[in-house]
1. Starting from the amide H of V226, placed 1.01 Å from N in the peptide plane, find each other amide H under 5 Å away whose residue is 5 or more places distant or on another chain.
2. Please report, for the Cα atoms of the range 304-403, the Rg to one decimal and the Dmax as a whole number; what are they, in angstrom?
3. Take I391 and R348, extend 7 Å from each Cα along the Cα→Cβ direction, and tell me the distance between the two endpoints in nm.
4. Under 5 Å between amide H atoms, partner at least 5 residues away or on a different chain: which partners does D79 have, H built in plane at 1.01 Å?
5. From the P(r) of the range 171-285, could you give the percentage of C-alpha pairs in the tail past 19 Å?
6. Which pairs break 19 Å Cα to Cα here: K20/K359; K46/K359; K270/K299; K62/K91; K215/K383?
7. How much of the calculated P(r) for the range 214-357 lies past 28 Å, in percent of all Cα pairs?
8. Calculate one ³J(HN,Hα) per residue across the range 25-41 by plugging θ = phi - 60° into the Karplus curve 6.51 cos²θ - 1.76 cosθ + 1.60, and present them in order as whole Hz with x for glycine and proline.
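Values quoted throughout were computed directly from the atomic coordinates according to the rules given, and no laboratory measurement underlies them. Quantities reported herein were computed from a predicted structural model and do not represent experimental measurements. Note that each Cβ is placed from the backbone with ideal geometry, even for glycine, and that neighbours are counted across all protein chains shown.
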Amino acid sequence: MIRRAKEQGLDLTGPDGLLKRFTKTVLESALDEEMTEHLGRGKHEKSAEGRAANTRNGTTVKTVTTEAVGPVTIEVPRDRDGSFDPVIVRKRQRRLGDVDEVVLSLYAKGLTTGEISAHFSQIYGASVSKETISRITERVVSEMNEWASRPLDAVYAAVFIDAIVVKVRDGQVANRAFYAAIGVDLEGNRDVLGIWGSPAAEGAKYWLAVLTELKNRGVEDVFFLVCDGLKGLPDAVGVVWPLAVVQTCVIHLLRNTFRYASKKDWDALKRDLKPVYTAVNEAAAERARDEMLAKWDGKYPAIRGLWLNAWDRFVPFLDYDVEIRRVICSTNAIESLNARFRRSIRARGHFPDERAALKCLYLTVRSLDPTGKGQVRWTARWKPALNAFAITFADRWPASENQ
């Protein structure tokens, strides 16, 4: 979001900055929903009382001053008999103290309706019902849908896919996997490409639909797709991006190995595993793997099945430069995002449906890296790998990039 704003020449905090636009949108949405609650019906809805009923009567332009973004010009709705008395921006009120905090709460933190209602009460000393807050936050859904269908770059150096488990009430409360995909473009910029709720049965058909959606949004090629043993995903990748390399997450494989072992053996097991994932090629890795399994097979037999089943998707990264190995051997690129997701959903317990969960996850994505400094650090870390990518995949590198 920040990168796109900068590409459009839009500042974050200037006179026409992104935060000021958010402030204006939230205030006008809140006032409009207050009018709906005041009249008991939405725009263009007829009253049972006919023309005798009070109705909307246009808007009045008003400028209010905020502490962080300065003056914001808004349109305040009017009603015909003048009985509308807003509480978000009161009549004759010209200064709002901490409205930016409210903006971030609604657009970034995804608070519950009760928490947002309490937040308004704390800041403005005004009572705003949960129903009104719910209607305000529902405005985010259309923005979320637009975000989920936005055009994407044609080529990505790597796409990382991982899941987070969220409790959703569907008849009864149950765990539901939501998948997020992060793409790293050829300049080293990372972007959350999308978020998808999983169906009851995942498989190649499901993943084919997800990847086809990304392709329809403009993604023509991916060098590496990194995941953690998602059933049916490699087959779908082969159909949508035939040249893409599917790489299992090495870090997840190591973690799963340690789960089968007693903690007292972790240090010794760690030493025996290192020659496997740092081997110079597949043959050397296979020899190190067999030595590791021969040593631990008698004590922890499940480790053998784990490694043999994952082997075909473990070895691809061994064919590439050490700089490429370093950035694609794990889904750590998405782990920080999952940590933010968990923080956002922890206080909620569970969500009433999939859309509510998606809305919360989307708002979390919108709040990431507000200053852009994280993106700068990330790009700097990827520069050595991108040079290796440019040489290794020169035949698939876009012509404009080569120039």
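1. Under 5 Å from the amide H of V226: V159, F160, I161, Q247.
2. Gyration radius and largest Cα-Cα distance of the range 304-403: 18.6, 52 Å.
3. Taking the two extended label points, one gets 4.6 nm.
4. It is N57, F84, by chain and number.
5. Values: 3865 of 6555 pairs.
The answer is 59 percent, as a whole percent.
6. Values: K20/K359 22 Å; K46/K359 31 Å; K270/K299 15 Å; K62/K91 10 Å; K215/K383 26 Å.
Going by Cα-Cα distance, K20/K359; K46/K359; K215/K383 fall outside the 19 Å limit.
7. Values: 3266 of 10296 pairs.
Summing the P(r) of the range 214-357 above 28 Å gives 32 percent of all pairs.
8. Going residue by residue, I get 4, 5, 4, 5, 5, 5, 5, 5, 6, 5, 5, 4, 5, 5, 7, x, 7 Hz, with x marking Gly and Pro.
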